[in-house]
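The values are calculated or read from the model by the stated rules, or taken from the named source; none is laboratory data. Just so it is clear, the model here is predicted, and its values are computed rather than measured. Here Cβ is always computed from backbone atoms with ideal geometry, including for glycine, and neighbour counts include all displayed protein chains.
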C-alpha cells in the first residue's frame, strides 16, 4: 500500500472516530458509537502502527478540544476502546474458532475491561462527576459501602466485552473485504 493511501486512510479514520466520540457525548447510547470508533482506530493501525497511534491521538484531542471537558465518552475511549484496538492489533492470530485461542482471547479482553473500569472508577469518577443514564457514577462506586457492585459490573462487563470482541472481528472482516488493506 502506498504511503499516501495509508495517510489518507488514517486521517479519514481519525475524523470518523472523532465524529463517533462526539456523537457518544450526546447520545444516551455510549457504546455503539465508541465501538465504531474502535474499528476506525483498528483500520488506522492496519495502515501502519505509527499512523494508527497518530489517528487515535488526533481523534481524542479533537474531541477534547471541541467539547472542552472530559466526560464518560472520552474516558471510555482513552481507557477502553483505543487500548482495545491496540490489543486487537496484536491478537489478530487468535481466533474464536479454536477453543484454547478463544479462552486466551476472552481472558485478555476481560482483563482489559476490568483494568479500564478500575482506572475510570477509582481514578476519575470522584473528581469529575461523570454521569451515565442520569446517575452520577462517582456516588455509586466511590461513595458506596457495597464493593460487590464493582464485582458485578466487572463480571457482566467481561461477558459483554467478549461479545464486543466477536462483533469487532465481524466488522473488521466486512471492512477488510471493501478496503485494500493487507490482513
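In this structure, does residue 75 turn out to be modelled with pLDDT under 85, closer than 27 Å to residue 9 by Cα and in a helix (DSSP H, G or I)?
Numbers: modelled with pLDDT under 85: yes; closer than 27 Å to residue 9 by Cα: yes; in a helix (DSSP H, G or I): yes.
Considered against the rule, which asks whether it is modelled with pLDDT under 85, closer than 27 Å to residue 9 by Cα and in a helix (DSSP H, G or I), residue 75 comes out as yes.
Confirm whether residue 113 is closer than 30 Å to residue 8 by Cβ, crowded, with 18+ Cβ neighbours inside 10 Å, modelled with pLDDT under 85 and out of contact with any strand residue (DSSP E or B) (no Cβ under 6 Å at 6 or more places or on another chain).
Judged against the criteria, residue 113 is not a match.
Scanning region 54-72 for residues that are at pLDDT 80 or above and either surrounded by fewer than 17 Cβ atoms within 10 Å (Cβ to Cβ) or more than 16 Å from residue 41 (Cα to Cα) (or both), we see that the one that is nearest to the chain's Cα centre (by Cα) is 57. Report yes if some residue within region 89-101 is surrounded by 18 or more Cβ atoms within 10 Å (Cβ to Cβ), at pLDDT 90 or above and within 25 Å of residue 176 (Cα to Cα); otherwise report no. No, region 89-101 contains no residue that is surrounded by 18 or more Cβ atoms within 10 Å (Cβ to Cβ), at pLDDT 90 or above and within 25 Å of residue 176 (Cα to Cα).
Total residues in region 26-49 satisfying the condition of being more than 17 Å from residue 83 (Cβ to Cβ), over 14 Å from the mean Cα position of the chain (by Cα) and assigned to a helix (DSSP H, G or I): the figure is 1. Quick check, is residue 54 free of Cβ contacts under 8 Å to residues at least 40 places away in the same chain, out of contact with any strand residue (DSSP E or B) (no Cβ under 6 Å at 6 or more places or on another chain), over 19 Å from residue 119 (Cα atoms) and part of a helix (DSSP H, G or I)? No.
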